[in-house]
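My structure is below; once you've seen it, I'll send some questions.
The values are calculated or read from the model by the stated rules, or taken from the named source; none is laboratory data. Predicted model, so just to flag it, every value in this text is computed and none were measured. Positions of Cβ are generated from backbone atoms using ideal geometry, with glycine treated the same way; all protein chains shown enter the neighbour counts. Heads up: the accessible areas ignore ligands, DNA and RNA and are worked out on the full protein's heavy atoms, side chains in. Shrake-Rupley method; radii C 1.70, N 1.55, O 1.52, S 1.80 Å.
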Amino acid sequence: MATKTGKILAVDDNTDILFALKLLLRPHVELITTETDPENIPSLMKETDYDVILLDMNFTQDAISGKEGFYWLSKILEIDPQAVVLFITAYGDVEKSVQAIKAGATDFIIKPWQNEKLLATISSAIKLNRSRREASDLREKQKEINTIMDQPFADFIGASPGMQQVFSTIKKVAGTDANVLILGENGTGKELVARALHRNSLRKDEVFISVDLGALSETLFESELFGHVKGAFTDAKADRPGRFELASGGTIFLDEIGNLSLPMQAKLLTVLERREVTRVGANKPKSIDIRLISATNMPLKQMAAEDRFRQDLIYRINTVEIEIPPLRERPEDIPLLAEHFLKIFGKKYNKKINKLSNQVIKKFRSYPWPGNVREFQHVLERAVIMSESPNLDENDFQLSSHGGTADSFEFDTYNLEEIEQKVIEKVLRMHSGNISKAASDLGLTRTSLYRRMEKYGL
């Protein structure tokens, strides 16, 4: 107790004891309040949040049995169940003090006390109170978060038939352990669907592990997903569990599964079939219990027909398929999404933003949103940040120059890889080679964009 910390309430009908406590504690604590009448305890607790309450076990009304002490202990805990109460007791009342601890007291101080021991006891009691308060605050915050998260589709806004179909499928599938494959363009919210499936599943109290497979190189694939043992390779300085081990008991979400090479697909298939992983450098496999959810924006069935994706792996990962419609196919959801995001960003940046005008909504409806909801969210957030008025007009929103209508994208081929390459080239040119801006426009991580650039020799 080198620095002053803690607020103490001492209640004893012996004024000499209270004087001695005040003299001893004043240099060490922020506040020391003394009181001879226990009837004043409720009002004192209402005025101040005490870290520790020192309570005499016997008052003059009942100087021997300790009944008054037990009575006021129960009253204190009734007012504040987290209260830290230390009984002040005579040497002969140690047995009663032990009973008091069972009744909810934290510890007891025997009269006459040793100063150093008393200070140490109070210091520990203050720390206990602070940790209890922190734990209680965390529980309340978690309860509030859970209340929000437990809404069936808290992250989704949509009244369109396409989104209603998505919601319906999630409700049917979430309570099972069926493997789910989520299809959709970048920015449509595939991970949000995965999290909604997890939150509404029997595994909701277990871990949710998300893995961006598009960001994993061939060399890191096995180590990241299956783990490694110390010495398995140069940088393996300690045993490390992989994502599958960490997800055991819960859900693992494999995003961008269409980016896996055939050798990586084979290794993943083996793990899914056997329900066990073997760490790199180890001989003994470990059993895993996971719920698998995968996602991709690539046409896996077409890729399978072209021998670029294993058909047996498709069977393994998509017991149920959920396809998220792009934003341009559900323009009726745009006003709802706009209202939702404006509320969030208005609160985040402490700004009052009114509903968007019909002209702005009309402009949004005609724009193809190549980045889907992610792009829409980004456009609204930027507008709120830059706004100087609660009314946003068309000039407040910056839409990408490759907008217009969905039909304005013309290609000489329908081969998706060639289309992807041309789009990446176009966006890179548009941003003068700025990888961060190009990745943001494409709805990719920088690592995923680098992988695609390497793939196409860009």
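How many times 2.2 N^0.38 Å is the alpha carbon radius of gyration of segment 201-240? Don't skip to the answer; put the middle values down first.
Values: Rg = 13.4 Å, N = 40, 2.2 N^0.38 = 8.9 Å.
Expressed relative to 2.2 N^0.38 Å, the Cα Rg reads 1.50.
Enter the Cα centre distance for the pair segment 250-280 and segment 29-61, rounded to the nearest angstrom.
Spelled out, the Cα-based centre of one part sits 62 Å from the other.
Moving on to the next point. Suppose R0 equals 30 Å; then what is the FRET efficiency for residue 429 and residue 298 from their Cβ-Cβ distance, rounded to the nearest 0.05? The partial results should precede the final answer.
Details: r = 24 Å, r/R0 = 0.78.
E(calc), rounded to 0.05, equals 0.80.
What full-extension length gain, to one decimal in nm, is calculated for residue 131 and residue 47 as 0.36 nm per residue of separation minus the Cα-Cα distance?
Details: separation 84, 0.36 × 84 = 30.24 nm, distance 2.15 nm.
In short, 28.1 nm is gained.
From the helices alone, meaning DSSP H stretches of at least four residues, give me the mean residue ellipticity at 222 nm for the chain, per-run term -39500 (n - 2.57), in deg cm²/dmol to the nearest 500. Walk me through the numbers before you get to the answer.
On the way: 18 runs with 213 residues, N = 458.
Using -39500 (n - 2.57) per qualifying helix, the result is -14500 deg cm²/dmol.
Additional query: What angle do you read, to the nearest 10 degrees and between 0 and 90, between the alpha-carbon axis of helix 334-348 and the longest principal axis of the chain?
The angle comes out at about 40 degrees.
Which translational diffusion coefficient, to the nearest whole µm²/s, is obtained for segment 221-279 from the Stokes-Einstein equation, given a Kirkwood hydrodynamic radius over C-alpha pairs, 37 °C and 0.692 mPa s? Kindly include the intermediate steps, with their values, before the conclusion.
On the way: Rh = 12.2 Å.
D, rounded to a whole number, is 269 µm²/s.
When the convex hull of the C-alpha atoms of the chain is computed, what volume per residue in Å³ does it have? Don't skip to the end; give the middle numbers.
On the way: hull volume 109.6 nm³, N = 458.
Given the Cα convex hull of the chain, per-residue volume reads 239 Å³.
Here's a follow-up. Could you pull out the GluC sites (Glu not before Pro) across segment 225-330 that fall in loop regions by DSSP (anything but H, G, I, E, B) with no more than 12 other Cβ atoms inside 10 Å?
Working: sites: 245, 256, 273, 276, 306, 321, 323, 329; in loops: 256, 306.
When the GluC sites (Glu not before Pro) of segment 225-330 are filtered for loop state and at most 12 Cβ neighbours within 10 Å, 306 remain.
OK, next. On the first, second and third principal axes, largest extent first, how far apart are the outermost C-alpha atoms of segment 261-300 in Å?
36, 23, 13
Find how many whole Å separate the alpha carbon centroid of segment 429-458 from the alpha carbon centroid of segment 374-397.
Comparing the Cα centres of segment 374-397 and segment 429-458, I get a distance of 25 Å.
Related question: What is the angle, in °, between the Cα long axis of helix 446-456 and the longest principal axis of the Cα atoms in the chain? Nearest 10 is fine, range 0 to 90.
20 degrees
Another question, if that's okay. Need one number: % antiparallel among DSSP beta bridges in the chain, to the nearest 5. Intermediate results must be reported in sequence, preceding the final value.
Details: 5 of 41 bridges.
Of those bridges, close to 10 percent are antiparallel.
Based only on Cα atoms, what mean projected area does the convex hull of segment 240-359 have, in nm²? Don't jump to the answer; show the numbers that get you there.
Working: hull surface 47.6 nm².
The number I arrive at for segment 240-359 is 11.9 nm².
Roughly how tilted is helix 67-79, in degrees to the nearest 10 and between 0 and 90, from the longest Cα axis of the chain?
Roughly 20 degrees, rounded to the nearest 10.
Same structure again: Which percent of the accessible heavy-atom area of the chain goes to carbon and sulfur, probe 1.4 angstrom?
Values: 12190 of 24460 Å².
That fraction is 50 percent.
Filter the trypsin sites (Lys or Arg not before Pro) in segment 313-370 down to the DSSP loop ones having no more than 15 other Cβ atoms within 10 Å, then list what survives.
Loop-located and lightly packed - 351, 352, 355.
Gain in length, residue 416 to residue 171, computed as 0.36 nm per residue apart minus the alpha-carbon separation, to one decimal in nm? Mind showing how you got there, number by number?
Details: separation 245, 0.36 × 245 = 88.20 nm, distance 3.21 nm.
Result for the pair: 85.0 nm of gain on full extension.
Which residues' amide hydrogens lie under 5 Å from the amide hydrogen of residue 111, considering only partners 5 or more residues apart or on another chain, with H built in the peptide plane?
Residues meeting the criterion, in which the H sits 1.01 Å from N, are 89, 90, 91.
If you don't mind, there's one more thing I want to ask. Report D for segment 300-360 in µm² per second (integer): Stokes-Einstein, Kirkwood Rh on Cα pairs, 4 °C, 1.567 mPa s.
Estimated via Stokes-Einstein, D reaches 84 µm²/s.
If you don't mind, there's one more thing I want to ask. Where the centroid of each part is defined by its Cα atoms, how far is segment 1-27 from segment 194-247 in Å?
53 Å
Moving to a separate point now. Provide the gained length on full extension for the span residue 23 to residue 101, in nm with one decimal, where the gain is 0.36 nm per separating residue minus the Cα-Cα distance.
Taking 0.36 nm per residue and subtracting the Cα distance, the gain is 25.4 nm.
Separate question: Any idea of the accessible area per residue across the chain, 1.4 Å probe, to the nearest Å²? Before the final figure, lay out each step's value.
Numbers: 24460 Å² over 458 residues.
Heavy-atom SASA per residue in the chain reads 53 Å².
Next question. Thinking of segment 153-279 as a set of Cα atoms, what percent of all their pairs are more than 27 Å apart? Kindly include the intermediate steps, with their values, before the conclusion.
Numbers: 2018 of 8001 pairs.
Of all Cα-Cα distances in segment 153-279, 25 percent exceed 27 Å.
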